[in-house]
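Everything below concerns the one structure shown next.
The values are calculated or read from the model by the stated rules, or taken from the named source; none is laboratory data. Because the structure is a prediction, the values reported are computed rather than measured. Cβ: placed from backbone, ideal geometry, glycine included. Neighbour counts: every protein chain shown. To get the accessible areas, we keep the full protein, side chains included, count just its heavy atoms, and leave off ligands, DNA and RNA. Shrake-Rupley method; radii C 1.70, N 1.55, O 1.52, S 1.80 Å.
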Amino acid sequence: MSETSSLPTLPILPLGFIPWLQLHQRSLNSDQHTAQVLRLVQSYRQVFIARPHLMGKTTLISKLHELFTIEPGDGHKYFGQNKSVPCDAVITLSGNALYGDDAETVARSLMLELGRAYREADFLQVTTKVKKLLTASDAPAETKLGLLLMELSKIATKQELVFLVDDWDYPLRAHLDDESRFNQIAAVLRGFYHWLSASNPKFLFITGIMRDPVTGIVSGTQIQDLSMEPRWADLIGIPEAEMKTLYAPYLEVAAQRLNCSKEQLVTRLKYTYGGFCFDREGKVKLYSPFDLNHFFTEVQTTTSASLDDFPFESYWSKNAPAGLDLRSLIARYKFNLLQLLALPHDPIACYEEQLQRPNYMALEQPLQLLTVLGFLALRWRTEPKAQNLQTTPWCCALTNLAVNSYYRTVLHDFLYDNLGLHTRTAFEYYEQEMMQMGLWQSLNGGNVETVCAHINQFLSKIRFDAFSPWDSKAIYSEILALWFNSQDLTARTGTANNRGRSDLEVETSERKVYVFELRFIEPEVQDTLLATNHNDEACPDEAKSAALQQLDQAVLSPGKQYVLDRGYGINAQTMGASSITGVVLAIDPQQHRIVAGRSFNKESDELFWAHTASLATI
């Protein structure tokens with residue numbers, strides 16, 4: 001690798017929103033799309049495009065603003081052959097300025113935002129009108145908003161106006177878990193956007209996160225929803241093909257820093273940050289500019305590292321407000337917990353009609369919002385040669401590795417808040433107790449029976465009425481992974497090989513790996529166990545042994561064979577695990593506890609009861 005001093009000095013990349021002219025003059029920009037922007041303006045009068053956070057929507061709004069305000073011959077050449085489309089005024093509105101938990105407050109904030117936007121376009125009389133309306137009477141703000149729009153209609157009839165609206169749905173996204181408030185606020189926005197469309201603007205461009213919502217922003221208006229149109233798929237975001245050319249000098253530097261080839265780096269970037277896809281043909285794969293700019297900025301300042309050691313942070317995920325939207329969504333759709341838990345591992349079928357359905361609050365599953373938020377991406381058609389693709393479902397999956405990691409973090413936060421343990425403080429308190437009892441020593445020493453006793457103590461503190469159904473291994477796997485990770489152990493669910501996915505794998509600091517297979521005991525086996533109380537000291541050892549053997553035959557041995565047949569743990573072996581132990585747990589779905597287990601490796605094969613003794617006696 002070349003010395004740091006010999007590496008080229010590259011322009012500083014923008015790490016947040018910068019107005020278009022400054023972006024063009026100071027640093028890397030995306031003017032490869034400027035011809036496309038011109039075609040958009042020439043092809044349509046009213047346009048709506050939905051894209052996730054941090055994909056470049058605000059930058060596009062800024063670009064459109066410059067397009068309509070730069071006069072011909074002023075020396076700027078940012079739009080092809082010095083073309084511009086001047087108009088009398090550009091009104092730029094931001095949904096982020098709209099706030100409130102009810103229709104009254106949102107209507108009032110919308111009036112204030114209109115006053116600001118018109119004032120910046122030199123319509124000072126609008127600001128005066130807004131002040132008078134807000135202080136004139138006790139009439140509802142919605143009524144005052146209607147009066148204001150009547151005044152604005154007079155301006156629109158006298159001169160051509162361009163309206164640019166960024167993040168239109170911001171006031172709705174905070175209330176996805178409250179249908180009443182959502183509908184109240186939607187009613188205010190519905191009237192405004194229908195007025196906006198009917199005001200006959202020279203050009204209207206609206207962007208946000210959610211598509212055609214209950215506000216009827218598209219339905220019943222002249223607004224064209226281009227969100228899933230292949231022709232405009234790369235208007236916002238950076239296409240994979242352009243990434244290699246737009247960031248070519250940065251790729252060279254990053255490859256030197258990370259001691260890898262450029263091809264290896266591109267593959268890793270695609271796997272970690274690529275894959276955003278929104279067009280109905282599923283052909284255009286995109287990157288978030290936020291991800292790429294932050295990655296290349298970070299790698300330029302790092303010391304010599306390797307591709308595997310460099311922390312590929314989830315820049316988009318950690319900084320996008322999508323986390324707030326996702327938490328609100330999960331809170332509303334917690335009855336679909338099984339589906340949410342499965343998403344990190346398995347693609348999910350989704351019809352085009354579901355992706356564009358107008359009524360969010362009537363959805364039976366959160367596929368639509370997960371897609372427009374950027375967490376799910378269109379991957380492939382299940383039947384690509386079908387005659388009617390609209391009735392052929394897509395396979396959707398979490399967009400990339402960074403999004404997958406962040407999605408699970410948000411989901412685990414939700415679980416923390418709903419398991420009855422309430423906060424991480426409870427986990428930390430329990431961690432201290434287990435440290436005193438030697439959980440880590442038990443795991444490193446192969447004493448799985450003691451570990452399972454601790455697990456039962458943990459399960460006894462959980463609210464099992466918080467989620468339904470509980471008869472799923474996926475829930476237990478995620479809960480146990482959450483618990484093990486809270487103990488500074490490394491736990492993973494759904495580790496895949498070419499034969500299947502393991503339920504749970506736990507790794508200690510000594511690189512010892514435990515592969516857990518979870519099994520529910522059947523009702524007839526439960527009846528036998530009830531007849532033999534294995535924790536009762538008065539129960540004969542022969543009866544206990546017979547019950548355990550019966551449980552082994554019905555549940556544990558088949559589980560062991562299942563793990564062996566599928567080669568679970570092979571991934572850990574190839575990654576240099578010092579030892580691999582298989583653990584089959586028999587779970588009583590009625591009592592929500594581990595009844596018995598079997599641990600096995602090259603040296604031993606042991607059956608055990610998972611006693612429910614208190615921590616003090618372990």
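Do any residues in segment 275-290 that are closer than 12 Å to residue 396 by Cα have Cβ atoms under 7 Å from those of residues that are in a loop (DSSP other than H, G, I, E, B) and among the small types (Gly, Ala, Ser), where the two are at least six apart or on different chains, and which pairs are they?
276/237; 276/288; 276/374; 278/227; 278/233
If I filter segment 582-598 down to residues being open to solvent by less than 30 Å² (accessible area, probe 1.4 Å) and within 34 Å of the chain's Cα centre (by Cα), which single residue comes out as nearest to residue 551 (Cα to Cα)?
It comes out as 586.
Residues being among the hydrophobic types (A, V, I, L, M, F, W, C), within 27 Å of residue 181 (Cα to Cα) and not in a helix (DSSP H, G or I): count how many of those fall in segment 107-154.
1
If we scan segment 206-214, do we find a residue that is open to solvent by less than 20 Å² (accessible area, probe 1.4 Å), aliphatic (A, V, I, L, M) and farther than 18 Å from residue 45 by Cα?
Yes, some residue in segment 206-214 is open to solvent by less than 20 Å² (accessible area, probe 1.4 Å), aliphatic (A, V, I, L, M) and farther than 18 Å from residue 45 by Cα.
Just give me the residues in segment 569-596 being in a strand (DSSP E or B) and not hydroxyl-bearing (Ser, Thr, Tyr), in sequence order. Quick ask: steps written out before the conclusion?
First, the residues of segment 569-596 that are in a strand (DSSP E or B): 579-588, 593-596.
Residues satisfying the conditions are 580, 582, 583, 584, 585, 586, 587, 588, 593, 594, 595, 596.
Of all residues in segment 321-347, how many are at pLDDT 70 or above, touching a helix residue (DSSP H, G or I) at 6+ places or on another chain (Cβ under 8 Å) and assigned to a loop (DSSP other than H, G, I, E, B)?
Going through segment 321-347 one residue at a time, the tally reaches 2.
Per-residue answers, yes or no, for (1) modelled with pLDDT under 65; (2) more than 26 Å from residue 226 (Cβ to Cβ); (3) of a type outside the set (Phe, Trp, Tyr); (4) surrounded by fewer than 20 Cβ atoms within 10 Å (Cβ to Cβ):
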{"site": "372", "(1), (2), (3), (4)": "no, no, yes, no"}
{"site": "384", "(1), (2), (3), (4)": "yes, no, yes, yes"}
{"site": "400", "(1), (2), (3), (4)": "no, no, yes, no"}
{"site": "405", "(1), (2), (3), (4)": "no, yes, yes, yes"}
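Yes or no: segment 154-173 includes at least one residue that is in contact with a Lys or Arg (Cβ under 7 Å, 6 or more places away or on another chain), over 17 Å from residue 95 (Cβ atoms) and open to solvent by 60 Å² or more (accessible area, probe 1.4 Å).
Within segment 154-173 (the criterion being in contact with a Lys or Arg (Cβ under 7 Å, 6 or more places away or on another chain), over 17 Å from residue 95 (Cβ atoms) and open to solvent by 60 Å² or more (accessible area, probe 1.4 Å)), the answer is yes, since at least one residue qualifies.
Within segment 35-72, which residues are of a type in the set (D, E, K, R), more than 12 Å from residue 164 (Cβ to Cβ) and assigned to a helix (DSSP H, G or I)? Break it down stepwise before answering.
Let us first name the residues in segment 35-72 that are of a type in the set (D, E, K, R), namely 39, 45, 51, 57, 63, 66, 71.
Narrowing further to those that are more than 12 Å from residue 164 (Cβ to Cβ): 39, 45, 51, 71.
Residue satisfying the conditions is 39 alone.
Hey, could you check segment 568-581 for residues that are open to solvent by 20 Å² or more (accessible area, probe 1.4 Å) and among the β-branched types (Val, Ile, Thr) and say which is farthest from residue 452 (Cα to Cα)?
The selected residue is 574.
Among the residues of segment 219-278, how many are hydroxyl-bearing (Ser, Thr, Tyr), surrounded by fewer than 20 Cβ atoms within 10 Å (Cβ to Cβ) and more than 18 Å from residue 400 (Cβ to Cβ)?
The qualifying residues number 4.
When residues of segment 261-279 are filtered for being modelled with pLDDT of 90 or more, in contact with a Lys or Arg (Cβ under 9 Å, 6 or more places away or on another chain) and more than 20 Å from residue 315 (Cβ to Cβ), how many remain?
Qualifying residue count for the region: 1.
Answer with yes or no whether residue 283 is outside any helix (DSSP H, G or I) and either open to solvent by 30 Å² or more (accessible area, probe 1.4 Å) or at pLDDT 90 or above (or both).
Taking the combined requirement at face value, the residue satisfies it.
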